[in-house]
Structures are given as structure tokens and as C-alpha cells.
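The values are calculated or read from the model by the stated rules, or taken from the named source; none is laboratory data. Only a predicted model underlies this, so the values are computations on that prediction, with no experimental measurement involved. As a convention, Cβ positions derive from the backbone with ideal geometry for all residues, glycine included, and neighbour counts pool all protein chains shown. Please note that ligands, DNA and RNA were not included when accessible areas were found on the heavy atoms of the full protein model with its side chains. Shrake-Rupley method; radii C 1.70, N 1.55, O 1.52, S 1.80 Å.
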Amino acid sequence: MKQILLSLTTCLFFQNAFTQDFTRTEAQANLAGIVNTNGVAVADYDRDGDLDIFFTGINNFDPTDETTWSHLMQNNGDGTFADVTVEAGFGVQYINEGLKAERGEKMGASWGDYDNDGFPDLFLANSRLDQLYRNNGDGTFTDVTAQAGVGGCNVCYSATGLWWDHDRDGDLDLYVSVLNNENIMYLNNGDGTFTDVTEALGLAGDNTITWSSAAIDAGKDGFLDLYNMNDTQINEFFENRSGQKYNEASRAYRLHDEGAGMGVAVGDCNNDGLFDIYVTNIFNHHPNPLFIDQGNRRYADQAKELGVDNTGWGWGTSFLDYDHDGDEDLAAVNGPIDKLYGDQQPDIDNFFFKNMLVEASMRFEDISAASGFTGKAKGKGMEVFDYDRDGDLDLVVANMEEAAYFFKNNTIHNDNQPPAKNWLQVILEGTASNRDAFGTTVKVRMGDKWLHRYHHGAAIFGQSIKPVHFGLGGATVVDEIRFTWLTGVTEAIYDVSANQILHFREGDGTVVEEQDSAPLPGSGAIVEKNFAMPNPFFEKTTLHFELAKPGTLELAVFSSTGLLVFRAEAELAQPGALDVPWDASAMPPGFYFYTAKFNDKKMEGKMVKGGK
């Protein structure tokens with residue numbers, strides 16, 4: 001009995017001492033008028049230093065009824081938001097003139113800088129016609145759907161768009177999850193247009209009910225794989241074969257959940273340096289899985305033993321270190337939208353789970369009520385971000401039938417919290433990688449302790465561009481930050497003060513090799529990388545390689561149909577750069593792929609030859 005009482009007392013101590021309430025502030029923030037929404041996503045669209053919000057309205061657009069609108073809310077920097085929907089170029093919105101969509105006419109909003117100009121663009125997933133809005137850089141947007149070629153199909157019911165650089169060529173490609181047809185994969189041509197390559201890449205197949213998708217390097221080969229959350233069907237996992245083909249391998253990776261997959265979150269919840277995947281289902285149909293990465297291209301579902309298998313009729317979800325203690329907590333919203341097995345499902349509160357890894361052991365405690373993250377308004381999309389730049393993470397929820405919820409996190413300002421609540425945020429800017437740096441991993445070291453984050457921004461009904469956040473506990477200085485970009489290059493910076501928002505640009509750090517022990521500052525070593533420049537090109541380009549050892553390079557270039565069009569060999573006498581020029585003036589415009597063998601390594605890439 002003493003042991004049982006001790007365990008109960010310990011649990012209550014952790015909850016009372018470490019739980020931080022959230023405060024509902026949608027009225028103060030000027031968000032109470034945002035009603036009847038599916039998706040929500042954030043980005044600094046106007047580049048003024050704070051994060052703005054886009055909500056997707058559920059119903060067909062009626063210019064006289066703002067409850068049917070999607071809304072762009074500009075962050076004023078003073079704790080409030082201003083509705084700039086009309087002046088930004090969204091005064092006329094989507095109307096579905098065909099068969100009425102059961103779950104909403106307008107679904108997801110995904111921010112992604114597809115043209116790498118530094119201004120976030122916006123993809124909107126709708127019923128029957130998707131839309132792409134290009135950010136003009138002056139606070140306005142232009143609908144470029146037709147020119148870009150990403151309108152979808154006139155019978156497709158799209159849910160969420162995923163921006164990701166599937167072939168590592170430095171620009172963002174687009175994958176669209178569809179509820180009633182095949183999902184669609186668009187390749188970014190680098191000239192403002194996209195090509196449907198779904199079938200060519202092996203991603204076509206049976207129709208699935210896909211609500212959301214995530215790109216993650218589960219195969220540990222440097223290329224991002226694709227995981228689809230499917231409703232009442234087995235979730236699909238497509239293994240990326242060097243950006244040229246995909247192989248469905250959900251059972252091999254143990255990711256074949258057979259629930260009602262909807263939302264997805266990616267994080268390192270057990271601080272082992274491997275990224276885990278959480279999926280929201282309808283619990284009364286099938287429990288949620290929490291797939292823990294086993295490090296051998298296998299995952300194990302540990303949701304039940306860790307206490308997070310039930311979030312009702314789950315939708316949006318996210319990992320976040322809300323209390324800055326160094327482990328990632330978990331939030332999830334829910335909202336029944338139909339009957340299940342003939343029974344009406346009850347409305348229940350949203351869920352918030354505190355990770356107890358730092359305080360006790362690897363498990364989650366349900367602190368939903370105590371945290372203040374409650375509400376029964378049929379939540380759909382959810383986003384986590386620091387709206388007031390005070391260092392802690394706030395939450396916004398898109399609700400189907402009521403006003404949006406806005407939860408301000410009071411950790412920084414609450415004296416009841418332990419003093420160990422330091423933090424660091426990093427804004428990433430890609431150069432050789434895509435500008436948003438999607439696909440980058442960031443890890444920080446304090447002494448011999450590492451924390452890991454994966455930058456991707458993807459969720460159900462949305463994708464956001466926001467800083468990478470770390471809770472640092474009692475640490476006031478980060479000894480080292482390492483950035484592994486999608487190019488494969490790892491950079492590091494050292495001795496960074498806590499409690500700041502840091503902007504880091506790819507190429508500004510010390511290039512290092514991954515190793516168990518930390519290198520001395522300035523001891524950068526050459527890391528092998530390769531790319532074509534220019535790319536795209538019109539007549540000639542150069543294949544550029546940076547190599548760590550002497551050796552012989554064997555290069556082969558292929559057309560998009562697999563025809564060998566160029567071959568070359570080159571010797572490297574000492575570590576350094578090696579350039580191989582290619583005159584392709586006689587070749588037709590299109591995509592070209594290259595493979596290079598160098599000693600025991602294989603390198604691959606893609607080039608685009610434009611037409612004049």
C-alpha cells in the first residue's frame with residue numbers, strides 16, 4: 001500500500017508542479033469571428049518577423065456571409081491579428097458548383113515557397129478544384145493555378161497538400177492527398193510550372209481515402225519517404241528510391257496501421273535521435289498508434305503502453321515542448337462528424353499529454369483538464385506556434401461548428417513553473433536546399449545531452465513555415481547546434497545563448513562530419529556533395545562534386561525514359577572540388593538524371609533542360 005500511495009503522490013506532484021495551464025484568448029486576439037473552419041496553417045507571409053494565420057472555411061464562398069470565408073489573419077505584433085483577407089487578394093474565393101462535398105468544400109491550406117523567392121506561397125486543397133496562390137512580395141497574392149498546372153481533377157476531393165523536395169534538387173514538389181481518388185504527385189519544373197508524375201514515380205494505385213501525408217527519411221538514405229494516413233484502409237508507406245521511383249513498404253517498416261488515419265505528428269518523443277510518428281484515428285474504430293523508430297527501418301507501436309492511444313475522433317495533432325523541460329509533449333484535437341456503426345459519437349474535450357521522460361520515465365500523463373487545453377467544438381486542424389515571440393508555444397484550433405480556439409501558453413510568465421524554462425528557436429533558410437529548408441534535421445547539445453528536431457511543417461489540413469523550437473530546461477547556453485540539410489551536408493555553430501530566436505542560413509556554419517564526439521570549432525572537414533549548376537539550364541551545365549578523398553569519378557547521364565545520353569570519367573588527385581561540364585545543346589528539353597560512382601560511394605541527382 002505504501003508503494004501505491006507513493007506512486008500516486010509522485011504522479012500528483014508532477015502534475016501540480018509542472019503542469020502549465022493554457023489561456024483561451026481568441027477574443028483578445030481578434031480571432032473569435034473565425035467560425036466554421038477546417039484547416040489552419042501559419043507562416044510569416046509578409047516577412048515582418050512574426051507568424052500570420054490562414055484558416056480555410058468549410059462552406060462554399062458567399063461574399064455577403066463571412067462565416068463562409070477562408071481568412072488570412074495578419075499578426076499585428078501586439079497580441080492581436082487583423083483580417084487582411086480581401087486586401088491580400090482572397091476577396092473572391094472558391095465555390096464548388098458540382099456535387100456537394102460532405103466534409104466541406106474548402107479543406108487544407110499549405111504554405112510553401114515553391115519558387116524560392118523568400119515569400120511563402122499558398123496551396124489550397126478543395127473539392128473538385130485545388131488552387132495555388134503566388135505571394136507577390138508586396139502583401140498580395142495571385143491565383144496561378146492554371147499556369148502552374150496544379151488544379152487537380154474535376155472529380156477529386158482533396159484534403160491536404162504536402163510541400164517537400166522529393167528528389168533533393170533544391171525546390172519544393174507537391175503531393176496532394178485525395179479522399180475519393182488517387183493521390184497526386186507534382187514535380188516542380190523550376191520555372192513556375194509542375195508536372196504530374198504520379199504514375200511515373202510508382203505512386204499511382206488503388207483509390208484511397210487519404211487525409212494527410214508526411215515526408216520523413218525512414219530509410220536513413222538521405223531521401224525523404226512518404227507516409228499516408230488513410231481512413232478505414234491500411235496506411236501506405238512509400239520508400240523513396242533516390243527520387244526516381246517509390247516502393248510501397250508499409251508492412252516491411254511495420255507502419256501498416258489499419259485504423260481511420262487522419263492527423264499525423266513527427267517528433268523524437270524519447271530523445272534517442274530517431275524520429276517517431278503519431279497518427280490520430282477514431283478510437284472506437286481503432287486506437288491511435290505511436291510508432292517508435294527502432295533504428296533498423298522498423299517501427300513499433302507503443303501508443304497503449306505510453307498512454308496516448310485514445311484521443312476520441314482524432315484530427316489535428318502535434319508534438320511540442322510546451323514547458324521547456326527538454327522532452328516533447330503531445331496535443332490532439334477531436335470532433336465527431338458522423339455516426340460510427342450506427343451510433344452517434346459524443347463530443348469530448350481535446351487532449352493534452354505531458355511527456356514524463358525528464359521527470360520520471362518515458363510515458364505520457366493526460367493533463368488535458370489541468371492544462372486548460374479543452375473544448376468540445378469539433379476541432380479539425382491545429383497548429384502550434386509562438387505567436388507573440390515570447391519563447392513558448394501557443395496553439396490555434398480550427399473548429400467545424402464554432403469559433404476558432406486560441407490558446408496562449410503562459411509558461412514564460414508563470415512564477416509557479418520551475419525556473420528551468422529556457423528555450424531556443426531557429427529560423428531556417430535553405431540556399432542549396434529548398435528555401436523553407438523542409439527536410440532539415442536540427443539537433444542541439446548541452447554538455448553530453450542532445451535534443452533532436454525534424455523541420456517539415458506538415459499536418460492534417462495544413463502545412464506551416466515556422467521556427468524550430470527547443471526547450472532547454474536549465475541550460476542558458478547551447479554548446480553546439482548541428483544542421484543536417486537535405487543536401488546531406490551537416491553544419492554546426494557553437495556557444496549560442498539561450499532565450500533567443502536565431503536566424504540561420506545554409507552555408508553560414510562550419511561544415512562537419514557526423515561523429516559521436518563533438519568536434520572542435522573550426523575543425524570542419526570536407527563532406528561529399530554534388531549538384532548541377534546552373535539548374536535548370538538551356539544548353540550547357542556543369543556537374544559539380546565536392547569529394548573527401550582522391551579517386552576516379554564515373555559519371556552517367558540518362559534521359560527521363562532511361563536512355564544513356566552522356567558518360568564521362570574524371571580523376572581527382574586530392575580532396576576537393578571536381579567539375580564535369582556537359583554540353584546538352586543537342587538534347588531536347590526535359591528532365592535528366594545522373595548517377596556518379598566514386599570509390600565506394602554512389603551519388604545521384606536531377607537536372608532540368610529548358611526550352612527557348
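Using a 10 Å cut-off on Cβ atoms, rank the peptides 252-260, 279-287, 338-346, 72-80 from the highest mean neighbour count down.
Per-residue mean Cβ counts within 10 Å order the peptides as 279-287, 252-260, 72-80, 338-346.
Rounded to a whole number of µm²/s, how large is the Stokes-Einstein D of the chain at 20 °C and 1.002 mPa s, given Rh as the Kirkwood radius over C-alpha pairs?
D = 86 µm²/s.
Would the range 63-114 count as rounded, prolate or oblate if I go by the C-alpha gyration tensor, calling it rounded below 1.5 in a/c and otherwise prolate when a/b exceeds b/c, oblate otherwise?
prolate
Please report, as a whole percent, how much of the solvent-accessible surface of the chain comes from carbon and sulfur atoms (probe radius 1.4 Å).
Carbon and sulfur atoms account for 50 percent of the accessible area of the chain.
Please work out how much length the chain gains when fully extended from residue 370 to residue 28, using 0.36 nm per residue of separation minus the C-alpha to C-alpha distance, in nm with one decimal.
Using 0.36 nm per residue and subtracting the Cα-Cα distance, I get 120.9 nm.
Expressed in nm to one decimal, what extension gain is obtained for the pair residue 414 and residue 476 from 0.36 nm per residue of sequence separation less their Cα-Cα distance?
Using 0.36 nm per residue and subtracting the Cα-Cα distance, I get 20.5 nm.
In Å and from the alpha-carbon atoms only, list the Rg and Dmax of the range 205-306.
12.8, 39
Tell me the label-point distance for the pair residue 503, residue 95, using the 7 Å Cα-to-Cβ offset, in nm and rounded to one decimal.
4.2 nm
Based on the alpha-carbon gyration tensor of the range 355-504 and its eigenvalue square roots a ≥ b ≥ c, which shape applies: rounded if a/c is under 1.5, prolate if not and a/b is larger than b/c, or oblate?
oblate
What distance in nm separates the two pseudo spin-label positions at residue 431 and residue 181, each 7 Å out from Cα along the beta-carbon direction?
Each label point is offset 7 Å from its Cα along the Cβ direction, giving 4.2 nm.
From the phi of every residue in the range 44-55, what ³J(HN,Hα) in whole Hz does the Karplus formula 6.51 cos²θ - 1.76 cosθ + 1.60 yield, where θ is phi - 60° and glycine or proline is x?
So the Karplus estimates, Gly and Pro as x, are 8, 5, 9, 6, 9, x, 10, 9, 9, 10, 10, 10 Hz.
Pulled fully out, how much extra length does the chain show between residue 337 and residue 221, if you take 0.36 nm times their separation in residues and subtract their Cα-Cα distance?
Full extension of this stretch gives 37.8 nm more.
Amide H of residue 159: which non-local residues (sequence gap of 5 or more, or other chain) have their own amide H closer than 5 Å, using H built in the peptide plane?
Those lying under 5 Å, H to H, from residue 159 are 177, 178, 179.
Taking amide hydrogens as modeled 1.01 Å from N in the peptide plane, which residues meet the under 5 Å criterion relative to residue 274, leaving out close sequence neighbours?
Placed amide hydrogens put nothing under 5 Å from residue 274.
Enter the accessible area per residue of the range 362-453 (Å², integer; probe 1.4 Å; all protein chains in place).
31 Å²
So, in nm, how far is label residue 117 from label residue 599 when the simple model puts each one 7 Å beyond its Cα toward the Cβ?
Each label point is offset 7 Å from its Cα along the Cβ direction, giving 4.3 nm.
Based on the Cα atoms of the range 420-485, what semi-axes does the equivalent ellipsoid have, where each is the square root of 5 times one gyration tensor eigenvalue, given in whole Å with the largest first?
So the three semi-axes of the range 420-485 are 23, 14, 9 Å.
Given a Förster distance of 35 Å, report the FRET efficiency between residue 554 and residue 193 from their Cβ-Cβ distance, rounded to the nearest 0.05.
Plugging the Cβ-Cβ distance into 1/(1 + (r/R0)^6) gives 0.60.
How many Å² of accessible area per residue for the range 41-85, probe 1.4 Å?
So the range 41-85 comes to 33 Å² accessible per residue, rounded to a whole number.
Output ³J(HN,Hα) for the range 148-153: one whole-Hz value per residue in order, computed from phi by the Karplus curve 6.51 cos²θ - 1.76 cosθ + 1.60 with θ = phi - 60°, and x for Gly and Pro.
Karplus values, whole Hz, x for Gly and Pro: 6, x, 10, x, x, 10.
Each residue of the range 190-206 in turn: what ³J(HN,Hα) in whole Hz from Karplus with 6.51, -1.76, 1.60 and θ = phi - 60°, glycine and Pro shown as x?
x, 10, x, 10, 10, 10, 6, 10, 4, 6, 4, 8, x, 9, 7, x, 5
Can you list residues from other chains, or at least 5 along the same chain, whose modelled amide H is less than 5 Å from the amide H of residue 70?
57
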